[in-house]
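Below is one structure, written out as structure tokens; the observations come after it.
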Amino acid sequence: MKFYVTTPLYYINAEPHIGHTYTTIAADTLARFYRMSGADVFFLTGTDEHGQKIAEAAKKQGTTPAELADKNSGIYRRLWKDMDISYTRFIRTTEQIHTEMVQKVFGKLLENGDLYRGEYSGFYCVPCESYLVPEDESNPLCPDCGRPMSRISEPSYFFRISKYADRLQKYIETHDFVKPDFRKNEVLNFIKSGLNDVSITRKNVEWGIASPTPEKYTVYVWFDALLNYLSGVGYLHDENQFNTYWPADVQLIGKDIIRFHDVIWPGILMALDLPLPEKIFAHGWWISGKDKISKSKGNAVSPQKLIAEYGIDAFRFFVLREIPFGMDGEYSDETFKKRYNSDLVNDLGNLVNRTVNLVETKLSGTVNSAPLEGQLAELTGSVQKNCSEKIRSLAFSEALEEIWSLVSFLNKYLDEKAPWREGCGDVNGVLHNVVHGIRDAALMLAPFIPSTSLKIWNILGLEGNPCEKSLASAGEKLPDRLKTNKREILFPRKK
Ligand code: MSP
């Protein structure tokens, strides 16, 4: 089994904020889950470095686009490393391999008659890098982001997407391609309203890939960027790799870039005669007040700051637990702290801490084999099954709720059995059950919070790294005479 997952390529005009980390954490969780399920995983992410928006940002910052790209793409790469993002390949659209492939694809489509020369006359939104039609042409504001648009009129090459409209409509109607389901109609209505061919060159934008045409145009940044999903996995330069992983299994995007990914992208793939990705899943936005969180709105939430205060795993956990994937969610420091203190400090951290404390004091640090409590065995089995199903359908917060039902059971079980009380009966039997349950919770949590899972693994005295184990090993017998290690506070309480 193979699994190919992608994130959008992030623009490098500014530094990452919580919204960017969101898509990447979700993709990483999927990649880790599929690896632990035995799949050969390819996880692609990277940076989108060309276009007018980047050129203007560089100018404003008194630097060159190439320097800005080096700097900010480096910041993304470092952040992903700090956040335990296990990507296979980080692609930059300024790489030679990508540039060559874009030019070849351009040439191929030109030859096939899928591209033609014409004249674009209309409006352009630089922040969205998008050709859109404003409501009021005398005061042209972008219908997507509300910022002023520029009028352009220039010769251009067009991608004949209109030719694929019917095929695309049928495909979307008959496949589970547009996700979540409630987005399907939105995309179908857009297609049914009539697809205009897409201008895919820019005459006066220098910072881009040169189009392989007699005129000195550059390739429209979205046409360039979408093709990364092919170049990043070897299309036209590593046939073996490409054939192994293509088509993508899940492509994650935010809801603002649905039309590019659910309409233009499959159109390009049809023109190239390539199979379409299995699923394109659009998540919602992190908002603050009524606004989308973004650098330009000045309400950006810094992942680095939250990580410094709470730790990487608390951040990873929060974004996937707090809001159902696909919906918008309000960010506030208060909700972050509340979620952290209740789920991670009180439920998980405290469970591990008091269990290991009891093993140390009541069992001199060693848990012996014992029969597993039937109710716990049953619960572990159902949690594992449900949790896997939820992750496969990208319902991350529900998957975490499933794992939390195990964590809550263990806390309650420990309270009820109270192995700290004199004459409470089979202390080893009780603690064996709890340690068994914690081990399984840590295993299932590994795709979400990998370094915490490893810490728990080490505290329990287990061998290896849970991230490298099979998820199917949940429920297996614990090693006999398990010697727990020194305690460590997993999540310090925040006031
Ligand atoms: N460069 C394009 C994507 C090209 S893919 C071939 C782009 N870049 S972006 O940096 O502006 O956005 C990247 C992703 O971050 C998008 O999926 C977007 O939805 C996501 N987010 C940016 N702000 C967000 C929030 N406030 N909340 C959640 N995600 C949002 O678009």
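None of the figures in this text is laboratory data; all of them are computed from the coordinates on show. Quick caveat: nothing in here was measured; it's all calculated off a predicted structure. Heads up, the Cβs are rebuilt from the backbone with ideal geometry, glycines too, and the neighbour counts pull from every protein chain shown.
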Problem set entry | Cβ-based net charge around Phe159, under 14 Å, with every Lys or Arg adding one and every Asp or Glu removing one | +2
Exercise. Summing +1 for each Lys or Arg and -1 for each Asp or Glu, what net charge is found among the other residues whose Cβ lies under 15 Å from the Cβ of Leu379?
Worked result: -3
Exercise. Mind listing which trypsin sites (Lys or Arg not before Pro) in segment 178-251 are in a DSSP loop and have 12 or fewer other Cβ atoms within 10 Å?
Worked result: Lys216
Problem set entry | Cα long-axis angle, helix 350-363 against the chain (0 to 90 degrees, to the nearest 10) | 30
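Restricting to the chain, what percent of DSSP beta bridges are antiparallel, rounded to 5?
On the way: 21 of 43 bridges.
The antiparallel proportion sits near 50 percent.
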Seminar exercise, completed: Counting only backbone N atoms under 18 Å from a point 7 Å out along Cα-to-Cβ of Ser397, the residues of segment 430-467 in range are 448-449
For this session: Rounded to the nearest Å, what's the spacing between the alpha carbon centres of segment 276-336 and segment 106-166? Just the number, please.
Result: 31
Exercise. How far, in degrees from 0 to 90, does helix 18-36 lean away from the longest principal axis of the Cα atoms of the chain, to the nearest 10?
Worked result: 60
Exercise. Dividing the Cα radius of gyration by the Kirkwood radius, what Rg/Rh value follows for segment 204-245?
Worked result: 1.12
Exercise. Expressed in nm to one decimal, what extension gain is obtained for the pair Trp420 and Asn368 from 0.36 nm per residue of sequence separation less their Cα-Cα distance?
Worked result: 17.0 nm
Exercise. Hey, what angle do you get for helix 396-417 against the long axis of the chain, alpha-carbon based, 0 to 90 degrees rounded to 10?
Worked result: 10
For this session: Can you grab the distance from the C-alpha centre of segment 442-494 to the C-alpha centre of segment 180-235, Å, no decimals?
Result: 45
Seminar exercise, completed: For the chain, the dipole about the Cα centre with charges only on Cβ (Lys and Arg +1, Asp and Glu -1), to the nearest 20 debye, works out at 900
Problem set entry | Cα-based radius of gyration of segment 333-483 once divided by 2.2 N^0.38 Å, which approximates compact folds | 1.01
Problem set entry | Under 5 Å, built H, 5+ apart or other chain: amide partners of Glu330 | Ile287
Seminar exercise, completed: By the Cα gyration tensor axes a ≥ b ≥ c (a/c under 1.5 gives rounded; else a/b larger than b/c gives prolate, otherwise oblate), the shape of segment 263-381 is oblate
Exercise. Sorted from fewest to most neighbouring beta carbons within 10 Å, what does the list Thr218, Thr24 look like?
Worked result: Thr218, Thr24
Exercise. Spin-label point model (7 Å from Cα, Cβ direction): what's the Asp273 to Glu215 distance in nm?
Worked result: 2.9
Exercise. Can you give the charge dipole size of segment 109-232 about its Cα centre, rounded to the nearest 20 debye, using +1 on the beta carbon of Lys and Arg and -1 on the beta carbon of Asp and Glu?
Worked result: 180
Exercise. How long are the three semi-axes of the equivalent ellipsoid for the chain, computed from the Cα gyration tensor as the root of 5 times each eigenvalue, in whole Å, largest first?
Worked result: 49, 23, 20
